[in-house]
Every structure is written in C-alpha cells, then in structure tokens.
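Inspection log for the structure reproduced underneath, given as structure tokens.
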Amino acid sequence: MAQLFLLVLLLLSGPARSRDAAASLLARGNGHYQRGELARAVAAYEACLQLEPGGLPSAAADAHFVPCVINLASVLVDLGGHEQRAEQLYRVALAAEPEHADAAYNLALLLHDRKTEEAVEEAATMYRVAAEAEPERWDAWANLAAALKELRREPLGALHAYERAILVLESAEQAGGGEGGGEGSYLSKLYYGYGTLLADLSPEACGALAAQPQNLLLGTAEGGMPPAQLCAAAAQNAMRTAAAQQPGSPTPIGKLTELEYTVPAMAGAAVDALARGGAGFDLIVAADVLVYFGELGAPLVFSCERATADEAAAGWRLLPSGRFAHTKEYVVREAAAAGYRLIAYEEMTPRVEKGVPVRGHLFTLGLVVWEAPVQGGATKEEL
C-alpha cells in the first residue's frame, strides 16, 4: 500500500515539476530577450516546449506553456525570416486560448503586413479579439481602425474603433499627467485618421454614427445640424485637435501606415479660418506646393484627383487619404475666376495606390490677358 501511495505522489508531482521547469525556462528566455540575446531566448523557449512528451501540441494544450509558445513566436519575428513558423505558433496558442490578447494582436500584426485583402480581413478579426479581450488596449483599437479603413467596408466600425482608441489613450494621458509617454503624437495621428474618415462619410452613415450612445460627435454642433454638416464640423474639430496635440511630424506607430502625415503648426489656424468663411484672410495657399512654381505663366498644366458631381456637391471633397479630389466643373470655374481658360482636358490615372488606380484629370489652362482697346472695342488674347 505504501508503494502505491508513493507512485500516486510521483504521478501527481510530475506535471507540477514540469510546470515549474516551464516557468523557470520562460523567465530565462525573457531575461535573454531583454538583454538582446535572441538566439539564447529561442533556445530557452524551445526547451520549455520540449518539457511535454508530445512537444508543441501537448505543451500548448496546457495554459502554463502558452507564454513560451507566444514568446518564442515573437522572438522569431524579431529575428526575421521565420514569419511562417511564428504564425503557426500564434495559431497554436489561440487554439488553446482563443481570447488571448497578445497572441491575437501579434498574429494580426503579421497578417496586416501582408497587405492582401484576405490577410487584412483576418487581421481586423484578430485586432477585434485583442481589443475585446483587453478593452484598455488602445493600440488594438487603433490598428483595428486602420485595418477597417483599408478594407473600405465598415466606415462606422472604423470610426468606432478610432473613438475607443482616442478615449482610452486620452484617459491614459490624463492619468499619467500627460508626461513621458509620447501620447500626444499618437493622439494626433488618431484624431487625424478619425477626421479624414468623417469627412468622407455619407449623410446617412453620419446620422447613424451620431445616434450611437457613445461617439465623439456629441457636443460638436447644436441646434439640430444636418448630419452632413455635423460630420463636416466634427472632421474640422478632429483636424484642429490633431494639430493642437502634435504640431510637428509624429513618429509612425505600429501598422498605422494609413495615418502617416505631417500637420504644420498653421493647420489649426487655417482650418479655423476656413470654418469662419475665411474671415481675416485675403488668401490661403498651399505654400509648400506653389513655392516650386515660380511665376505662373501660360500655359499652366497640372493634374489633381477627380471627383464626380454626385460625390462632391461642393465641387471638392476630402478623401480618406487626406488629399482632396475636385470635379472638372469646379476647377474650370475657379480657374476662370482667376483669369485662366481651359485649353485641353484629359481624364487620367496619376498613380496607383495599393494596386488600385487613382482617378485623376489633367488640365491645360491658358492665361487670358486683356490688351489695349482697338477701334473702340476690347480684344483679349490667350497666351
């Protein structure tokens, strides 16, 4: 009977010893990783997974080994050239713990890097898993917004993700006294992405967004402003906030490649001026462009992104990319007001973005110059 009791004790203590050894190897691997000793970190994590007789599948089935699986995958990503195995490891970890935030987020980063539609779709799903598992992860919400924006299918979902990221990060900044975390530059990017998406929202979608219980449109406008104007006002507020948060050039973060931009210090003042109808300004120009032109003679040839009258009732619209698109009629009308006349016009593709041709048009304008009256009449010449 004593021998049987001893055997039972040994059987019970085996898994406990294995888990203790796993914890020790995990700590050793983490130490190597923190010191930049990536090869040694890999060896420690691999040894952790070999503690189970069945190797990786058996180890991953035990929650005590999942951290070794995830950390091994992350080190392999850092080493480069091992993305396929890293993906496999993240998927094994998620099979064991489907709501593991780190595994879901790291897998999403790998998938998002591939830039294919299928991969970005799954990345969005994984970002959502991470964000819902840990709602205070602003980076998961932010990258979910970026992925949905790239897919161009769920504008309200992308806006909601932007809002969650902004609210979480603002709370973190306030809790930390706004010091030392670099949150301002991140908030600047988030507000900019939020603003560009709002500017492209349809009136129906804007109304649906404003009706949601929690959104950043609340307090934007008073007096029952129509949805289209509400989103336009909110977009301007977001742009001003982006400029106020970080008037320089924020450092890109994570996979938010869609949000890389430069906000000049004057952007807030320019947006305010435009919102007031330009009061107090004789002229607002894109000086960073016109400085290269020199004297504007004739003919003047240029291209811009193209919009239809249905898409841009005002003749222009702000695109999710942060660029503007204009209708042909708007350009011709404004050119005529400046003394130019259309000589030639052509619809064209100025570039391809992410495999999609960008709609554009090419204008050739002639400058209309008035000559001295001849025989009591006035003539004009097109240069």
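Laid out as a table, the results:
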read-out	value
Residue list for segment 310-328, filter: more than 23 Å from residue 153 (Cβ to Cβ) and either touching a Lys or Arg at 6+ places or on another chain (Cβ under 8 Å) or exposed (fewer than 12 other Cβ atoms within 10 Å of the Cβ) (or both)	313, 314, 315, 324, 326, 327, 328
Test: residue in segment 164-185 that is in the same structural domain as residue 238 (by TED's automatic domain parsing) and within 13 Å of the chain's Cα centre (by Cα)	yes
Strands (runs of 3 or more DSSP E) within segment 326-383 that include 3 or more residues at pLDDT 75 or above	340-348, 360-370
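Per-residue answers, yes or no, for (1) surrounded by 13 or more Cβ atoms within 10 Å (Cβ to Cβ); (2) among the charged types (D, E, K, R); (3) modelled with pLDDT of 70 or more; (4) part of a helix (DSSP H, G or I):
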| residue | (1), (2), (3), (4) |
| --- | --- |
| 5 | no, no, no, yes |
| 14 | no, no, no, yes |
| 17 | no, yes, no, yes |
| 22 | yes, no, yes, yes |
| 31 | yes, no, yes, yes |
| 47 | yes, no, yes, yes |
| 54 | no, no, no, no |
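The values are calculated or read from the model by the stated rules, or taken from the named source; none is laboratory data. These numbers were taken from a predicted model, which means no experiment stands behind them. Glycine gets a Cβ as well: all are built from the backbone with ideal geometry, and neighbour counts include every protein chain shown.
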